[in-house]
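Some notes on the structure that comes next.
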Amino acid sequence: MDTLAAGFWGAFFGTAALMLAVSLAAYVRSQKQVALMAGLSAVISAAFVVAYLGWLPLHGDAQARLLAHVAVATAVSLALMLMSMLGLLRQRAWARRAVIGMVGMAVLVLAAGWMLPPTQALALSSVAAFSVGLAMLVTAVRSALRGDRLAWASVSGVTLMLVAVGGLSWIALDRDAPWAVHAMSATAGMAYLAVMATALWSRYSYLLELSEVMAHGPNYDPVTRMRSHSETGQMVGDVFFKRDAGVRPVGVIAICIANLYALENLHGRAAFNHALFICASRLRRCAPVHADMGRLGEDGFLLLVRHPADIARIVTLARQMRERLARPVLLGTSADVAGLEAAETAWEAELGIGILTTTTQVRPSHAVSTVRAMARTAWSYSSRLAYYDQQAGQIAELPLTDTEAAHTPG
């Protein structure tokens, strides 16, 4: 093998080893489904490459026969894992038919291969593996067109896999293939592993975290990842009573959700926890890195911004949070992990957001209670945003845009 080609394949095996190490770390953290899928993807892909590069202690007809079996087994395994990741195997009847169909196809191809010379059997198995890949590409495209955003990553992954399989089939049939074929196949293989690892983590980390939240309920804080509401009190104390820091400005934002308890009464505690989890996830994505977040009772969140540059930035942040949190969502009503993706309950948060700029001279309990009252008052405003109007000396509505504002809050 050319030295340059060997370098590309070394990078590929390094990527596979890294993916396997990450899967072991996920297994240690009890995320066994992620670990199993990622580990199998890395091991199967690496084994396929080792066999097709001719690095096994077999030669001639024996090697061709083995590669024919490896091609079919790899194609079936990766196809079943892809269908599982796309959620196509959740129904037992459909999963049974898919497994029986894949295994039946593999048996037919291998049986036909034994009736052919070894080289032709290898060619037949390679064509079959490529055909399975094309079928999975069509399946992933159909899932993506139905609105599954993660399926587009699967489309990219399957396309890269087909490129790698095509190049390796060329190498297996012609050991003198140019180094460019090796480079193309190795690069496509590395990209495939990276894409599938990202897709796997996106799919299963969400479900694993959501199942944890729905299992522990109010004892698990989806914002700070703490299991106790007392952590929010500790957070407030750390911000207001920091030693030797002097008097400092603090931006305080409270978010209260009015219809969480109605949701629980209608659909149960699991739906309540799911909604809380979604709101917290959206809040984390739009909150600045220097903000401190925590739960505020059972129906809200508290956000503290240390040393805010000006009130305008706090207002902009509150408007962004309002826009993110008010988006509709489909909720699951079962605590069963297998049913989390089959969410059918439409829900939209009826929220109120209170905004307060103060200093560390103010008692923290007074600041928190004031901004929480402002958030609850905001339920009656069309913008769902409230601030304290210093000129009028009362709580007032904050418009959604600056052009709607009659004056700047201060």
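The values are calculated or read from the model by the stated rules, or taken from the named source; none is laboratory data. Being a predicted model, the structure only gives us computed values, none of them experimental. No Cβ is skipped: glycine too gets one built from the backbone with ideal geometry, and neighbour counts run over all protein chains shown. To get the accessible areas, we keep the full protein, side chains included, count just its heavy atoms, and leave off ligands, DNA and RNA. Shrake-Rupley method; radii C 1.70, N 1.55, O 1.52, S 1.80 Å.
The table below lists the values:
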| item | result |
| --- | --- |
| Residue 297, sole failed condition from (1) under 17 Å from residue 351 (Cα atoms); (2) under 26 Å from the mean Cα position of the chain (by Cα) | (2) |
| The listed residue being in the same structural domain as residue 70 (by the TED database), farther than 23 Å from residue 37 by Cβ and surrounded by 18 or more Cβ atoms within 10 Å (Cβ to Cβ), out of 112, 172 | 172 |
| First in segment 5-16 and in contact (Cβ under 8 Å) with a residue 12 or more places away in the chain, second anywhere and of a type in the set (Ser, Thr, Tyr) and open to solvent by 40 Å² or more (accessible area, probe 1.4 Å), Cβ under 9 Å, 6 or more apart | 8/187; 11/187; 12/187 |
| Filter result for the condition that a residue is at pLDDT below 85, open to solvent by less than 20 Å² (accessible area, probe 1.4 Å) and within 16 Å of residue 79 (Cβ to Cβ), over 129, 177, 144 | 129 |
| Cβ-Cβ under 8 Å pairs, at least 6 apart or on other chains, segment 256-285 side not assigned by the TED database to the domain that holds residue 368 and open to solvent by 10 Å² or more (accessible area, probe 1.4 Å), far side among the hydroxyl-bearing types (Ser, Thr, Tyr) and in a helix (DSSP H, G or I) | none |
| Test set (1) at pLDDT 80 or above; (2) on the phi > 0 side of the Ramachandran plot - residue 100 fails condition number | (2) |
| Residue satisfying all of: in segment 147-164; farther than 21 Å from residue 181 by Cα and without any contact (Cβ under 8 Å) to a residue 24 or more places away in the chain; least open to solvent (accessible area, probe 1.4 Å) among these | 155 |
| Meets criteria (in a helix (DSSP H, G or I) and at pLDDT below 80) for residue 123 | no |
| Residue match in segment 210-226 (condition: modelled with pLDDT of 80 or more and either loosely packed, with under 15 Cβ neighbours inside 10 Å or of a type in the set (Ser, Thr, Tyr) (or both)) | no |
| Counted residues, segment 240-289 - those being hydroxyl-bearing (Ser, Thr, Tyr) and either assigned to a loop (DSSP other than H, G, I, E, B) or within 25 Å of the chain's Cα centre (by Cα) (or both) | 1 |
| Complete set of residues in segment 290-317 that are in contact with a helix residue (DSSP H, G or I) (Cβ under 7 Å, 6 or more places away or on another chain), open to solvent by 10 Å² or more (accessible area, probe 1.4 Å) and assigned to a strand (DSSP E or B) | 292, 293, 306 |
| Residue in segment 10-21 that is at pLDDT below 80 and open to solvent by 10 Å² or more (accessible area, probe 1.4 Å) present | no |
| Contacts under 7 angstrom Cβ, first residue in segment 386-406 being under 15 Å from residue 323 (Cβ atoms), partner surrounded by fewer than 15 Cβ atoms within 10 Å (Cβ to Cβ) and modelled with pLDDT under 80, 6 or more apart | 399/405 |
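Conditions tested, residue by residue: (1) under 15 Å from residue 400 (Cβ atoms); (2) at pLDDT 75 or above; (3) surrounded by 15 or more Cβ atoms within 10 Å (Cβ to Cβ).
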{"site": "319", "(1), (2), (3)": "yes, yes, yes"}
{"site": "329", "(1), (2), (3)": "no, yes, yes"}
{"site": "349", "(1), (2), (3)": "no, yes, yes"}
{"site": "352", "(1), (2), (3)": "yes, yes, yes"}
{"site": "356", "(1), (2), (3)": "no, yes, yes"}
{"site": "361", "(1), (2), (3)": "no, yes, no"}
{"site": "365", "(1), (2), (3)": "no, yes, no"}
{"site": "371", "(1), (2), (3)": "no, yes, yes"}
